[in-house]
Amino acid sequence: MSKRKRKPTPEPVASEPRPTSEPEPVASGPEPEPAASEPTPSAAFDELCTRHADTLIRQAYLLTGRPRLARRAVERAFQQAWQRWPEVAVDADPAGWVRAAAYEYALSPWHGLRPRRRVTLKAGTPEDRALLCAFLELPASYRRTLLLHDGVGLGLYEMAAEVEASTAAAAGRLMHAREQLAERLPELGLAGRSPVRQGEMLRVRLGKLAATQEVTVPAPRAVRSGSARTIRWTTGAALGLTGMVAAATVLTVFTAPARYTPPPQRPTAKPATKPAVRPTAEPAAEPTPMPSAPVAQAKREGARKPPAVRKGPGGRGYLPAEARLTPGLR
């Protein structure tokens, strides 16, 4: 049987590409510049902390006179800001938000329960120490108002809004604070000055006093980590308290009686009584003999008592002749 040879299949011939009409390039304008990358929330927070932490610590020190309390107040305020960063980031003044939180913590009433220590300055002149002592003797509301207006430089309306008071009330606090400082420290030269001049003089003195203090600024990363630990601790404490309440409720449900059982009554103690003494029977009184009718009649008529019976011989009694007769026949 003969094998047929298969004819090799012809290879396809490469056809030349047809000329296609290429579109003309469209003239485009200048390429847009790449948009600047927005900072991350952590970077924005770190920048805010780095720029304002030292100034806020000095201000809190002027309010309290305690370096540790001032640092703790500012650190806690930044932790709250990081916890509410979406709200703080869009605020018109993020530094003002942190400042208000730090002032609130530094001036909390419960800090006054601690024993007050002697005010000491690591740096500064005796005049600065006298100014700080006089400033700390002012009421808390006066200190805050004076520091915001004359120390920070806020206007009257902004200062009143931050302390949450009316404009008239804030102006009154500011005026009384200046008057008290002028009375306690005559060497300041505030007496007889205009309000504007008094504000300028106090701004210079308070700024100099705050600048002489050395502060330790907390690291922004440590503040953020401390805020996270606070959130975890608060959440764990809330969950633990909720679990304890739930366990106590379940235990009460399973151990409570199905019905009310009145408590057993205790026998009342009876007082000791003495044995009753029976009264002795008294002898019956002899009946009084009733007088006979003739005697009673004689008594009524006033007659004399009949004579006694005489005894004659032989022991027999006899009456005299006159006694035998009736009264009518005598």
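Roughly what would the spin-label model give for L251 and E183, points 7 Å off Cα along C-beta, in nm?
About 6.0 nm, to one decimal.
Sorted by accessible area (1.4 Å probe), largest first, how do T64, T145 line up?
Details: T64 25, T145 0 Å².
In descending accessible area the options line up as T64, T145.
Sort the following peptides by mean Cβ neighbour count (other Cβ atoms within 10 Å, averaged over residues), highest first: 168-178, 231-241, 51-61, 259-269.
On the way: 168-178: 18.1, 231-241: 10.4, 51-61: 21.3, 259-269: 5.5.
By packing density, highest mean first, the sequence is 51-61, 168-178, 231-241, 259-269.
Sorting check: for 72-78, 84-90, 42-48, which peptide has the highest mean count of neighbouring beta carbons within 10 Å, and how do the rest follow? Don't skip to the end; give the middle numbers.
On the way: 72-78: 23.4, 84-90: 13.4, 42-48: 16.1.
Output ranking for 72-78, 84-90, 42-48: 72-78, 42-48, 84-90.
Please compute the modelled spin-label separation between A161 and A43, points set 7 Å along Cα→Cβ, answer in nm with one decimal.
Spacing of the two 7 Å Cα→Cβ label points: 3.0 nm.
Suppose accessible area is computed on protein heavy atoms with a 1.4 Å probe; arrange T50, T167 from highest to lowest. Kindly include the intermediate steps, with their values, before the conclusion.
Details: T50 95, T167 50 Å².
Descending accessible area places them as T50, T167.
From the phi of every residue in segment 210-226, what ³J(HN,Hα) in whole Hz does the Karplus formula 6.51 cos²θ - 1.76 cosθ + 1.60 yield, where θ is phi - 60° and glycine or proline is x?
These are the phi-based 3J(HN,Hα) values: 6, 6, 6, 8, 8, 10, 10, 8, x, 6, x, 5, 5, 5, 5, 5, x Hz.
Calculate the tail of P(r) for segment 130-216: the fraction of all Cα-Cα distances greater than 23 Å, expressed in %.
Looking at segment 130-216, the distances longer than 23 Å represent 17 percent of pairs.
Need the full-extension length gain, R259 to L241, defined as separation in residues times 0.36 nm minus the C-alpha distance. One decimal, nm. Mind dumping the intermediate values first?
Working: separation 18, 0.36 × 18 = 6.48 nm, distance 3.00 nm.
This chain segment gains 3.5 nm when fully extended.
With every protein chain kept in the model, how would you rank C49, C133 by accessible area, 1.4 Å probe, largest at the top? Each step should come with its number before you reach the end.
On the way: C49 0, C133 35 Å².
So, going from the largest accessible area down, we get C133, C49.
The values are calculated or read from the model by the stated rules, or taken from the named source; none is laboratory data. Model, not experiment: these values are computed from the prediction. Note that we place each Cβ from the backbone using ideal geometry, even for glycine, and neighbour counts take in every protein chain shown. Side chains are part of the model used for accessible areas, which takes the heavy atoms of the whole protein and leaves out ligands, DNA and RNA. Shrake-Rupley method; radii C 1.70, N 1.55, O 1.52, S 1.80 Å.
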